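A short write-up of the structure that comes next.
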Amino acid sequence: MLKSLHRRHNQVFLELLRRRREIGKLRQTDLAQYLGSDQATVSKVENGGRRLDVIELREWLLALEVDFLDFMHELDDLLKSQPTLDQRLATMRRRLARPRSKQHKET
């Protein structure tokens, strides 16, 4: 199973995070200053090389002047259009449940 870091849902999250920074007309270095970090860390997060925990995400959004719950609702709306793990598992189960043809005839 792929870690969430490599799944499409995470890419949607990262794209939204980056877009919110760009809407605020902040460069990565500007955001890094607000966060007391460096530009390389902001770049790693936006490119998926480093994950944010929920507390870091809250701080990140505060620096962007983005309401945490508004961000989460927007993310949820975007993710609803993406296939979920449950949908993929259901498809796999249906395939496995199909009757199999006999490969070898008894003699």
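The values are calculated or read from the model by the stated rules, or taken from the named source; none is laboratory data. Treat the numbers as computed from the prediction; the structure is a model and nothing was measured. Cβ sites come from the backbone with ideal geometry, for glycine too, and all protein chains shown count toward neighbours.
Tabulated values for the structure
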quantity: Some residue of segment 86-102 being modelled with pLDDT of 75 or more, over 13 Å from the mean Cα position of the chain (by Cα) and on the phi > 0 side of the Ramachandran plot; calculated: no
quantity: Residues of segment 19-55 satisfying the condition of being surrounded by fewer than 16 Cβ atoms within 10 Å (Cβ to Cβ) and under 15 Å from the mean Cα position of the chain (by Cα); calculated: Arg19, Lys44, Asn47, Gly48, Gly49, Arg50, Arg51, Leu52, Asp53, Val54
quantity: Unique match (being among the aliphatic types (A, V, I, L, M) and either in a loop (DSSP other than H, G, I, E, B) or over 22 Å from Leu78 (Cα atoms) (or both)) among Leu26, Leu61, Leu57; calculated: Leu26
quantity: Conditions (1) loosely packed, with under 13 Cβ neighbours inside 10 Å; (2) modelled with pLDDT of 95 or more; (3) assigned to a loop (DSSP other than H, G, I, E, B): number failed by Gln82; calculated: (2)
quantity: Candidate set from segment 37-51 (those that are touching a helix residue (DSSP H, G or I) at 6+ places or on another chain (Cβ under 6 Å) and of a type outside the set (Ser, Thr, Tyr)); member that is nearest to Arg7 (Cα to Cα); calculated: Gly48
